[in-house]
Amino acid sequence: MAGECLAAAGNHKVWLFYGEMGAGKTTFVHALCDVLGVKDAVGSPTFSIINEYVSASGETIYHLDLYRLASEEEVVRAGAEEIWYSDCLSFTEWPEKAGALLPAEAVKLSLRAVDNELRELQIFIP
C-alpha cells in the first residue's frame, strides 16, 4: 500500500496525515520510509517535533509531529514552514495544528481505526 501511495503522489513533496490518536499515522510513515529505503530508526517525533531521515537515494526526509504545538506561531518557530517549502520530502502528523500555514499542494491522508487490526485510508492527491 505504501509503495502505491508513493507512486500515485508523483512529485508531491508535502504529505499531511490526519487521524485520531492510534489511527496508524506513525505506522504508515514508517511503511513509507521502508519503501524509500530509510535505514535509520523511524519513530514518532512527538517530543522532538521533527525527525530527519535519509532515503536509500540520499534524499532528506522530514517527519514532523505537531501534536504538542499550541499555535501557528509555535509551528513557525519549530521550522515546519521552512521544511514544507523546501524541496525535501516531508510527512507531517497532526497538520491541523498549523492552520493557514499549510501548503495548498499537499498530499492529504486520513487514517481511521476500524478495529484493532484494520485501518481505513483515504488519500487526496492535488
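Readers should treat all values here as calculations from the given coordinates under stated rules, not as data from a laboratory. Small disclaimer: the values here were computed from a predicted structure and weren't measured. Counting neighbours? That spans all protein chains shown, and the Cβs are built from the backbone with ideal geometry, glycine included.
His12: net charge of surrounding residues, Cβ under 13 Å, Lys/Arg +1, Asp/Glu -1, itself excluded?
Computed value for this residue: 0.
If you rank Met1, Met21 by fewest surrounding Cβ atoms within 10 Å, what's the result?
Exposure proxy ranking, most exposed first: Met21, Met1.
Could you give the dipole magnitude of the range 1-104 about its Cα centre, charging the beta-carbon of Lys and Arg +1 and that of Asp and Glu -1, in debye to the nearest 20?
Result for the range 1-104 is approximately 140 debye, rounded to the nearest 20.
Add +1 for every Lys or Arg and -1 for every Asp or Glu among the other residues with Cβ under 10 Å from the Cβ of Gln122, and state the total.
+1
Across bins of 5 angstrom width beginning at 0, how are the C-alpha pair distances of the chain distributed, in whole percent?
Percent of Cα pairs in each bin: 2, 11, 23, 26, 22, 12, 4, 0.
Could you tell me the extents of the range 47-111's C-alpha atoms along the three principal axes, largest first, rounded to whole Å?
Its Cα atoms span 35, 25, 24 Å along the three principal axes.
So what's the net charge close to Tyr67: Lys and Arg +1, Asp and Glu -1, counting the other residues with Cβ under 9 Å from its Cβ?
Combined, the nearby Lys, Arg, Asp and Glu give 0.
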